[in-house]
Amino acid sequence: MPPPHAPRTVYTLRACTQPRSRHERASQDWVARRLASLCGWAYGGAYETRSAPAWHPYFVPDETLDLEQATRLGIQGEDDLFGGVVPHAFVASKVITHGVPDTASPVPRGWSHALANRLDGAVLPGFTAFDAGAIATAGQQLLAHGGRVRVKESQARGGHGQHLAADAGSLRRIAAELDPEALHRHGVVIEQHLDEATTCSVGEIRVAGRRLAYLGIQHEVTDRHGRAVYGGSSLRVLEGGMDTLGALARNDGERAAIALARRYDAAVEAAYPGFFASRRNYDVVAGLDAWGQRRCGVLEQSWRVGGASPAELVALAAFLQPQRPAAVEATANRTIPPMRRRRAPTHFSTIRRPPTAR
């Protein structure tokens, strides 16, 4: 492996078989170009396996890679990509957030039943299911506690592919509309629904010897179907790992979100040896349950280029300046169409004073 500052070529990698929006492709390309510029590396465009790169490649994949893909590409560790590598493909999706409803429920090869125990209290009440029978079992258990449940398709992003069920009948209708093959292959999450919910982003990036951590808030926009979907993130960023984020927390809720994200991150590393990632992002939701009690839990992880990645790199640029700030604020906004733009729709401002815990 070359030293961190050796010349490299940055490539985008189309690893995902699912269709991606124009915005997602534009953001991926922008992130790769920006990384190359910030690190003083070359930009190689889309990676072609049939053409040997001039320098040791650095990849920006559109999906978390599995170990087989990473080995084939020569990826040996987090210094070789902006993203992550997992031992099994399903580990990259939201299905690992919850255990299955009972020991007879089907699971993919490599599934860790121990992970659910490690995540107990760090996530909302919920289950993962890989067939309609498990959906019914899981949904009935959650509905018995009152309130609605949310069914989330594991391959969907940005708030898409989610369904609310208030009773057993609506749950059966949702299950009947799911593609059985996709359900068996990828699974779904059945989870407690929260009202008046807000979602925090907690994460870190590790690039070319630099390590930045951030805490932020996600924003929602309404899509053309009238549904609330991901619309961007506002981040507060400082140097260091997630263990340093207490300096940015403004209240007990933010401190709780940081602690839960760190628990999730550590639990995955313990359950799946061999996992590594240079980009780690955790969505942590807080809201009210059916009884008006406040609940907080990690919804899912992202170890790939995401909606907040342009903001992460704008912040990285600030910390690469000769006089580094104590912290910066960066915002990624999806409400601006990326068509005919080479750069991602992002802006940032520097915090003039070091952040202090409150």
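The values are calculated or read from the model by the stated rules, or taken from the named source; none is laboratory data. A quick note: this is a predicted structure, and the numbers were derived from the prediction, not measured. As a convention, Cβ positions derive from the backbone with ideal geometry for all residues, glycine included, and neighbour counts pool all protein chains shown. Ligands, DNA and RNA are stripped out before the accessible areas are found, and what is left, the full protein with its side chains, is counted by its heavy atoms. Shrake-Rupley method; radii C 1.70, N 1.55, O 1.52, S 1.80 Å.
Brief remarks follow.
- The set of residues in segment 90-107 being more than 12 Å from Ala138 (Cα to Cα), open to solvent by 20 Å² or more (accessible area, probe 1.4 Å) and either touching a residue at least 24 places away in the same chain (Cβ under 8 Å) or not in a loop (DSSP other than H, G, I, E, B) (or both) consists of Phe90, Ala92, Pro106.
- Subset of segment 51-70 (residues that are without any contact (Cβ under 8 Å) to a residue 60 or more places away in the chain, over 18 Å from the mean Cα position of the chain (by Cα), open to solvent by 10 Å² or more (accessible area, probe 1.4 Å) and closer than 16 Å to Tyr272 by Cβ): Glu68, Gln69
- Here is the figure for segment 16-42: residues that are out of contact with any Leu (no Cβ under 7 Å at 6 or more places or on another chain), within 22 Å of Gln69 (Cβ to Cβ) and among the hydrophobic types (A, V, I, L, M, F, W, C) total 4.
- Looking across segment 218-264, the residues that are part of a strand (DSSP E or B), open to solvent by 60 Å² or more (accessible area, probe 1.4 Å) and modelled with pLDDT under 95 come down to His219, Glu220, Thr222.
- Residue selected from segment 182-199 under the condition touching a residue at least 40 places away in the same chain (Cβ under 8 Å) and hydrophobic (A, V, I, L, M, F, W, C), by the criterion farthest from Val107 (Cα to Cα): Ala197
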